[in-house]
Amino acid sequence: MRNRTRLVFLAIFLACAMLIGIALYMQEQQGLEPCPMCILQRYAFVAIGVVALVAGVHGPQGVVLRVYGVLVAVLAIGGGGTALRHSWLQHFPPKVESCGTDLEFLLNTFSLPQALPKIFAGTGSCSKIDWRMLGLTIPEWALMWFAAIAIAAVWIGFVANKNAARSAASAK
């Protein structure tokens, strides 16, 4: 069980690293500049990746395993919410588009409670669709990855953990 737990968390870490690598490639090599919501989704993938790497190295069991699972799931839900809002803006763009401001300016100028509503209001660049694969946009792909990560984290933290505890109790 402990090795399976480690493998799942390390797979989540590798998926996040791969997604960040793809995002950086698209930015640097293909010239797709990220909007503030794209950057928030990247931060979510980085945070998930860091927690998953720590969990994978630690190889937790019991309550600590559940804590890691919940933490990864909460981060994935937060990232998924951002991706969902971003996708909504792409399908239903604001009537008045502006070039907007970048995330660094918003966070340096406003406090976080003031900046978040401005970020989630979206800008013209957030509603622009620059890339599709198999009919899905970048935030829709991100949403699928966030959902898969959340499901894997809940499964490893609760379902697999409960099954391992049950088989350990029956072996005694």
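Yes or no, residue by residue, for (1) buried (at least 19 other Cβ atoms within 10 Å of the Cβ); (2) in contact with a Gly (Cβ under 7 Å, 6 or more places away or on another chain); (3) modelled with pLDDT under 85; (4) under 14 Å from Pro36 (Cβ atoms):
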| position | (1), (2), (3), (4) |
| --- | --- |
| Val46 | no, no, no, no |
| Gly49 | yes, no, no, no |
| Val54 | no, no, no, no |
| Val57 | no, no, no, no |
| Leu65 | yes, yes, no, no |
| Gly69 | yes, yes, no, no |
| Thr82 | yes, no, no, yes |
| His91 | no, no, yes, no |
| Glu97 | no, yes, yes, no |
Kindly check whether there is at least one residue in segment 24-37 that is assigned to a helix (DSSP H, G or I), open to solvent by 60 Å² or more (accessible area, probe 1.4 Å) and at pLDDT 90 or above. yes
When you go through Leu103, Leu112, Leu116, Leu107 one by one, which is the residue that is loosely packed, with under 14 Cβ neighbours inside 10 Å, under 19 Å from Tyr43 (Cβ atoms) and modelled with pLDDT under 80? Leu112
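The values are calculated or read from the model by the stated rules, or taken from the named source; none is laboratory data. Note that the coordinates shown come from a computational prediction; the quantities given were computed from them, not determined experimentally. Neighbour counts run over all protein chains shown; Cβ positions are idealised from the backbone, glycine included. Protein only, heavy atoms only, side chains kept; ligands, DNA and RNA dropped before computing areas. Shrake-Rupley method; radii C 1.70, N 1.55, O 1.52, S 1.80 Å.
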